[in-house]
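Visitor: One structure follows; several queries about it will come next.
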Amino acid sequence: MRGPGYDQRLARERETFAGQEEIHGNLPPSAHRWSNRHVRPKLEALGVPGLDELIVGQIAERARKLSRDAVVLSLGSGNGDQELGWLRGLAAEGLDNVRLRLLELNPEMQARAEASARAQGVADRVELITADFNTWRADAGHDVVVGFQALHHVLDLEHLYGQIKDSLAADGVLVVHDMIGRNGHRRWPEAHEVVDRIWATLPPELRHNALTGQIDEQFTDVDCAADGFEGIRAQDVLPVLLDFLHPSLFLPYGNVIDPFVDRIYGHNFDMDNAGHVALIDEIGVLDDSLLDLGLVTGTRLTALFHPTPQPLRVHGNRTPERSVRDTRVVDPAGRVSFRPGGTSGERLVRGAGIVTGRMNGIAHDDWAAPSVEFPVLTTAPVEVFELKTYLPDDATEYGCVTVSVDGVPVAKADVGPGLTELVLPVRLEAHRQVRLSFDADWSVTAGGDRRTLAYVLVGLSLR
């Protein structure tokens, strides 16, 4: 699964989180308003008072039955704040036979978790595992595994799920609270259309972009996976998981509401302003209706998964089957795009290939990140790739782009200033679904928007 550009993404992931002492906080009040009105009641109807209660309850259930320590693995545990909170909650119930294993990539975060465990006097019940999700191998059995906003950072989901399945006890459980929307946390076209229509009605103060400080005339659909692991395979988190484990509790939610309750735009909504509150509530109702009608699929999931089939609790008709978005089509209605401007795939990729999913790493202005990935379905036999790129004439940073098919390098392209047109010998069979990747060995950081870029992709023709 790892290929060119992997090490750069790994370094960016470490850099992004090394100094973060608060991971899950700083959510805007609009997020809490929406969650309390549109998520919590659905969980409660399924017998779940709240997320912490769900996790602690699953651990407690097993700790009470065992004559040994219940072993809990937390994926992407960060600074360990939540996990140590679970221990405190369990201790309050008289349960001390719990051992925590904290799996985290970032050594700085692990150091903070270790210091907190020592300060709270529970270091003897906490084991630190500093490792990469994509290569980690389970070396112990687990009664409970928790994936709390971690799975959407994983590139090799198949590997990680295999390790979880093999290490789970027969009556073990995987608790999932994660993102399952489009890769890079972007909108699928059917949702983007609705967001655009709402956006057109918003006053300027509600369109303020917290990252750039600008007023966005159009909704900016940021690709969060352009140069790191944020949402790298978010759309695969659920379908791949269903190949490995079986759900017993399943609640997908959120989609169109997401931009209005996130950290980029969500803080614009003042929950002391009756008009803003009403707007969030109305978008929340619309979001629920679209989900229940099957017009969009959920971008978030709270669920329990097990090694063997279990009775299933769901909200209404939000079943696992209805929650998997068909990524083989640009939109589920079968049209090329809901948006009259067309997708970047249609504009940039021509010839005997159709882009069937998100172009990860391509920005709205066609600038490419150092690592670009996207799925293509060939419509005829392919002999060559005709690649066109552009860099300003005064560019001082440029180099080689490695072209890979399904992770295997097949060609190299030397890219320089100005318009570069190259013919690369790449052979593909007709009617084959492949994942193409283009990995540059250089990068530059753009000015105000803080993007890490390499070149402009002018076009790619498969001939």
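Visitor: Give just the number: which of (1) outside any helix (DSSP H, G or I); (2) under 17 Å from GLY254 (Cα atoms) does PRO41 not satisfy?
Guide: (1)
Visitor: Also, quick follow-up: List pairs: first in the range 410-422 and assigned by TED's automatic domain parsing to the domain that holds GLU383 and without any contact (Cβ under 8 Å) to a residue 60 or more places away in the chain, second surrounded by 13 or more Cβ atoms within 10 Å (Cβ to Cβ) and of a type in the set (Phe, Trp, Tyr), Cβ under 6 Å, 6+ apart or cross-chain?
Guide: VAL415/TYR398; VAL415/TYR455; GLY416/TYR398; LEU419/TYR390
Visitor: Let me ask another. Within the range 410-422, is even one residue farther than 20 Å from GLN8 by Cα, out of contact with any helix residue (DSSP H, G or I) (no Cβ under 9 Å at 6 or more places or on another chain) and charged (D, E, K, R)?
Guide: Among the residues of the range 410-422, at least one is farther than 20 Å from GLN8 by Cα, out of contact with any helix residue (DSSP H, G or I) (no Cβ under 9 Å at 6 or more places or on another chain) and charged (D, E, K, R), which makes the answer yes.
Visitor: Name the residues in the range 82-103 that are of a type in the set (Asp, Glu) and at pLDDT 95 or above, would you? Even if it seems obvious, please write down each step before you answer.
Guide: Initial filter on the range 82-103 (of a type in the set (Asp, Glu)): 83, 93, 96.
The answer is GLU83, and nothing else.
Visitor: Sort through LEU291, LEU238 and tell me the only one that's touching a Ser or Thr at 6+ places or on another chain (Cβ under 7 Å), in a helix (DSSP H, G or I) and crowded, with 23+ Cβ neighbours inside 10 Å. Reasoning before the result, please.
Guide: On the way: LEU291 fails: touching a Ser or Thr at 6+ places or on another chain (Cβ under 7 Å).
Of LEU291, LEU238, the one residue that is touching a Ser or Thr at 6+ places or on another chain (Cβ under 7 Å), in a helix (DSSP H, G or I) and crowded, with 23+ Cβ neighbours inside 10 Å is LEU238.
Visitor: If GLY181 satisfies all but one of (1) farther than 23 Å from GLY80 by Cβ; (2) assigned to a strand (DSSP E or B), what's the number of the condition it fails?
Guide: (2)
Visitor: Sticking with this structure for a sec: Determine which member of the set GLU158, GLU190 is of a type in the set (Asp, Glu), crowded, with 18+ Cβ neighbours inside 10 Å, in contact (Cβ under 8 Å) with a residue 24 or more places away in the chain and part of a helix (DSSP H, G or I). Write out each step before concluding.
Guide: On the way: GLU158 fails: crowded, with 18+ Cβ neighbours inside 10 Å.
Step by step, each of GLU158, GLU190 is checked, and only GLU190 is of a type in the set (Asp, Glu), crowded, with 18+ Cβ neighbours inside 10 Å, in contact (Cβ under 8 Å) with a residue 24 or more places away in the chain and part of a helix (DSSP H, G or I).
Visitor: Still on this structure: Name the residues in the range 386-431 that are over 30 Å from the mean Cα position of the chain (by Cα), under 18 Å from PHE374 (Cα atoms), exposed (fewer than 13 other Cβ atoms within 10 Å of the Cβ) and not small (Gly, Ala, Ser), would you?
Guide: ARG427, GLU429 - these are the residues of the range 386-431 that are over 30 Å from the mean Cα position of the chain (by Cα), under 18 Å from PHE374 (Cα atoms), exposed (fewer than 13 other Cβ atoms within 10 Å of the Cβ) and not small (Gly, Ala, Ser).
Visitor: Could you tell me whether THR297 is assigned by TED's automatic domain parsing to the domain that holds ALA191, in contact (Cβ under 8 Å) with a residue 12 or more places away in the chain, in a loop (DSSP other than H, G, I, E, B) and closer than 30 Å to ASP166 by Cβ?
Guide: On the way: assigned by TED's automatic domain parsing to the domain that holds ALA191: yes; in contact (Cβ under 8 Å) with a residue 12 or more places away in the chain: yes; in a loop (DSSP other than H, G, I, E, B): yes; closer than 30 Å to ASP166 by Cβ: yes.
Yes.
Visitor: From (1) at pLDDT 95 or above; (2) of a type in the set (A, V, I, L, M); (3) part of a loop (DSSP other than H, G, I, E, B), pick out the condition that doesn't hold for ILE280.
Guide: (3)
Visitor: Here are some residues: ARG339, ARG358. Which one is at pLDDT below 80 and over 18 Å from LEU238 (Cα atoms)? Working first, answer last.
Guide: On the way: ARG358 fails: over 18 Å from LEU238 (Cα atoms).
That would be ARG339, the only listed residue that is at pLDDT below 80 and over 18 Å from LEU238 (Cα atoms).
Visitor: Any chance the range 84-94 includes a residue that's surrounded by 17 or more Cβ atoms within 10 Å (Cβ to Cβ) and not in a helix (DSSP H, G or I)?
Guide: No; the residues of the range 84-94 include none that is surrounded by 17 or more Cβ atoms within 10 Å (Cβ to Cβ) and not in a helix (DSSP H, G or I).
Visitor: While we're looking at this one, here's another question. Quick one: THR379 ticks every box in (1) within 15 Å of LEU462 (Cα to Cα); (2) modelled with pLDDT of 90 or more except a single one, so which number is it?
Guide: Unmet for THR379, out of (1) within 15 Å of LEU462 (Cα to Cα); (2) modelled with pLDDT of 90 or more: (2).
Visitor: Within the range 192-213, can one find any residue that is closer than 25 Å to ILE362 by Cβ, in the same structural domain as TRP136 (by TED's automatic domain parsing), out of contact with any Leu (no Cβ under 7 Å at 6 or more places or on another chain) and of a type in the set (Asp, Glu)?
Guide: yes
Visitor: Is it the case that ALA430 is more than 30 Å from ALA210 (Cβ to Cβ) and part of a loop (DSSP other than H, G, I, E, B)? Can you show your working first?
Guide: Values: more than 30 Å from ALA210 (Cβ to Cβ): yes; part of a loop (DSSP other than H, G, I, E, B): yes.
Yes.
The values are calculated or read from the model by the stated rules, or taken from the named source; none is laboratory data. All values derive from a computational prediction rather than experimental measurement. We place every Cβ from the backbone using ideal geometry, glycine too, and count neighbours over all the protein chains shown.
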